[in-house]
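First up is the structure itself, then whatever we jot down about it.
Please treat every number below as a calculation from the coordinates, not as lab data. All figures in this text were calculated on a predicted structure; none of them were measured in a lab. Cβ coordinates were reconstructed from backbone atoms using ideal geometry, including for glycine residues, and neighbour counts include every protein chain displayed.
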Amino acid sequence: MLSRTFQRSRLMFRSTAVRLSALYILLFALCAAFLVFYVTAMSERLLAQQTQQAVQEEVTDIQRAYERGGINLLLRIMERRARQPGANLYVIAAPSGEILAGNVASLQPGVLEEEGWTEAPFRYEPFAGTGGPRFHLATANVVKLDNGLRIMIGRDLGDPSRFRGIVRRALMVALAIMGLGALVIWFGIGRNALKRIDRMSAASQKIMAGDLSQRLPVGRSGDEFDRLSDSLNAMLGRIERLNEGLRQVSDNIAHDLKTPLTRLRNKAADALDDDRSEVRRGALEGIIAESDQLIRTFNALLMISRVEAGSIAAEMSGVDLSAISADSAELYEPAAEEAGMTLATEIEPGLIVNGNRELIGQAIFNLLDNAIKYATEADGEPKITVRLARVDGFIRLSICDNGAGIPQKKRKEVVKRFVRLDESRSKPGTGLGLSLVEAVMELHGGALELSATKEDKADAPGLTATMVFPAPKL
Amino acid sequence: MQITPPHSASPPDSTDAKTVADAMVPHMKILVIEDDLEAAAYMTKAFREAGIVVDHASDGDSGLFMGTENTYDVMVIDRMLPRRDGLSVISELRKRSINTPVLILSALGQVDDRVTGLRAGGDDYLPKPYAFSELLARVEVLGRRKGTPEQDMVYRVGDLELDRLSHEVRRAGKEILLQPREFRLLEYLMKNAGQVVTRTMLLENVWDYHFDPQTNVIDVHVSRLRAKIEKDFDKPLLKTIRGAGYMVKDEG
């Protein structure tokens, strides 16, 4: 029980709110102490000044009375004044220091020696019956008369401990108020914050345990904690999506590489079974072709992930997109013709983008490969158009075909790795072409857009794949 | 360090390699610096079958030593090596004024690493994994490089003539009209006459793109060119080397 309390208090002191409250209390206390001492010092000085002034006036009065009426008048005035309630201190003393008259029983020795104001408060003993402690503090002015008598007029400063008591009480009250304030602050703000942080770490623990669908609690106030939770949640969302994507990709890889590997294995088994060298040779060639295709797939995968991760420190420079487009069209024109298609170009000259020529080239080649592969399904005369134009601050490079196109709802899908519309996989290809194009476009701060070449032609709308580049600032 | 014994060429069994070997300069001698012993053994065997003398070093330091002490026609250097990496071997060789053509092999991707490799003093770059036919074709072209003077203004193969200055192509005195790209294609093939040129090498040298063309785009260009230079003539000059690439050669 005791150790638990101890643990709890240790835990409490580890919390930021408690540490901050303690620090505040300390600072407040220092400030308060300074204030109290400053104020008391100032009022003491003011009081002392007023006392001195009053005493000074009386001294002047009494000296004048002495000059006018001699010792008798002086004695009378002093007697009268001494009897008034709450009066000042009045002493007439012999040159030897013996008190002749006045309202003081005894004085701290040596007070009467010096003329003028006493340097420091001194102790004196009033006549009995006034109550309180025996000795009081006082300050006084001593005047020597021409006949050697000394007159002392002073003022009682009261019980020496009284003033300190007041100061101490004020300090205690101030500290109590501050302690209470700190407690309120801690309960109101600190404990609240502490609890919210605890809730956040509890949620984080669950997430770390593997439940990526968990989210941090977000309050309604929109304060710093809520904003923090919000951004952490957004981050979690992104991680979850990436994770999901990764899982999907690895599933696809496993699935799509299993098939060619199985084919490879079967071919090798066939070659082993057959003794005829011709058959064996054919099988081995098939194995090599199959392996080459696998290697190509792996290379494409590696390339995509390197481009996506931005780890290709691709050297970006001003690239003549018009020239690349024309070159690519020229490179593919014979292949298109061979496949019974026409390849037309509508290329605006002199369009420059900031980019990597190799990557852009490979992306265009991929799109042209696709166009040649799929435009053949079109009825009528298969046609591919390479179109490059500057439109509204973007440079758009489109490869249009009039083939079967891609249905609207599948356009997002086909960009993913290994996704192919052709479920039977009868056409050659890795299913990675568009993924690479998209990755390249993202690296260039652009996008890949897929649309229909002719929306109204339901049977063969065609596909227009557009690489959208941000136009460089002129 | 592993030094393989000198040339012990036995006639290879594979017809692909045989076709290639026929085109060989006899006794080309190369140095392979590769730390993957299995890959090195495969490479050494295949090079020998193609009639090439191979020395092998398995780390950067011994590779540099052998490259400095002996004379080779070509060096094939893996980029990542123990003791001293491939690029450092190349720049050290160049510092010692050894200008033997170097082909860099690398498991690193193509786009950026190619540039750094060539900047370090390499002459050609081949990303792993590669087909051996590709490597062989490139090594042959590199080894032959010093034999083909760049300043030849007219290339001749059999009765085919290509004038680099006037951009005229004639066969048996008859002018053949070529598109600019077809001209460059033929120019590159004739510059490396008698040697296998792969599709990737054509894409690199004629179109200036450095990747593996995955479709038949290059083949279509070559067959168009072939139609132009072989139409009306009996003797074929532009041959397809199965599994490797193309070669321009006068069979005599």
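Things to note:
- Computed over the range A:14-163, relative contact order equals 19 percent, with contacts defined as Cα pairs under 8 Å that lie 6+ residues apart.
- With a cut-off of 13 Å between beta carbons, the residues surrounding A:SER291 carry a summed charge of +1, where Lys and Arg count +1 and Asp and Glu -1.
- Inter-chain shielding of A:285-296 (mean C-beta neighbours from other protein chains, 10 Å cut-off): 2
- Partner lysines for B:LYS174 [C-alpha distance under 17 Å; skip if fewer than 8 residues away on the same chain]: B:LYS228, B:LYS231, B:LYS235
- Positive-pole candidate from A:LEU284, A:ALA32, A:GLN248, dipole of the protein assembly as shown, charges at beta carbon: A:ALA32
- Amide H contacts for B:MET80 (H built 1.01 Å from N in the peptide plane; partners 5 or more residues away or on another chain; cut-off under 5 Å): B:GLY86, B:ALA107.
- Exposure proxy ranking for B:ASP208, A:ASP146, A:ASP156, based on other Cβ atoms within 10 angstrom of each Cβ and starting from the fewest, stands as A:ASP146, B:ASP208, A:ASP156.
- Placing unit charges on each Cβ (+1 for Lys and Arg, -1 for Asp and Glu) gives chain A a dipole about its Cα centre, and among A:SER231, A:VAL437, A:LEU107 the Cα reaching farthest toward its positive end belongs to A:LEU107.
- Cβ-based exposure ranking for A:MET152, B:MET28, in which fewest neighbours within 10 Å come first: B:MET28, A:MET152
- Check: the range B:154-248 dipole with +1 on Lys, Arg Cβ and -1 on Asp, Glu Cβ, in debye: 180
- The orientation-averaged projected area of the convex hull spanned by the Cα atoms of the protein assembly as shown comes to 64.7 nm².
- Per-residue mean of C-beta atoms belonging to partner chains within 10 Å, peptide A:333-341: 4
- Farthest positive-ward along the protein assembly as shown dipole, Cα basis, beta-carbon charges - from A:LEU216, A:ALA94, A:ILE197: A:ALA94
- Helical content alone sets the calculated 222 nm signal of chain A at -19500 deg cm²/dmol, taking -39,500 (n - 2.57) per DSSP H segment of four or more residues and averaging over every residue.
- Neighbours of B:ASP208 by Cβ distance under 11 Å: Lys/Arg scored +1, Asp/Glu scored -1, total -1.
- Net dipole in debye of the range A:14-163 [+1 Lys, Arg Cβ; -1 Asp, Glu Cβ; about Cα centre; nearest 20]: 640
- Partner shielding of A:348-358 amounts to 1, given as the average count of beta-carbon atoms from other chains within 10 Å of each residue beta-carbon.
- Surrounding net charge for B:GLY121, when Lys and Arg each add one and Asp and Glu each subtract one, Cβ distance under 11 Å: +1
- Counting every other Cβ atom within 10 Å of each residue's Cβ, A:CYS400, A:CYS31 order from fewest to most as A:CYS31, A:CYS400.
- Lys, Arg +1 and Asp, Glu -1 on Cβ, resulting dipole of the protein assembly as shown about Cα centre, debye, nearest 20: 3900
- For chain A, the share of DSSP beta bridges that are antiparallel, to the nearest 5, is 90%.
- Amide proton proximity set for A:ILE395, modelled H, under 5 Å, gap of 5+: A:PHE469, A:ALA471
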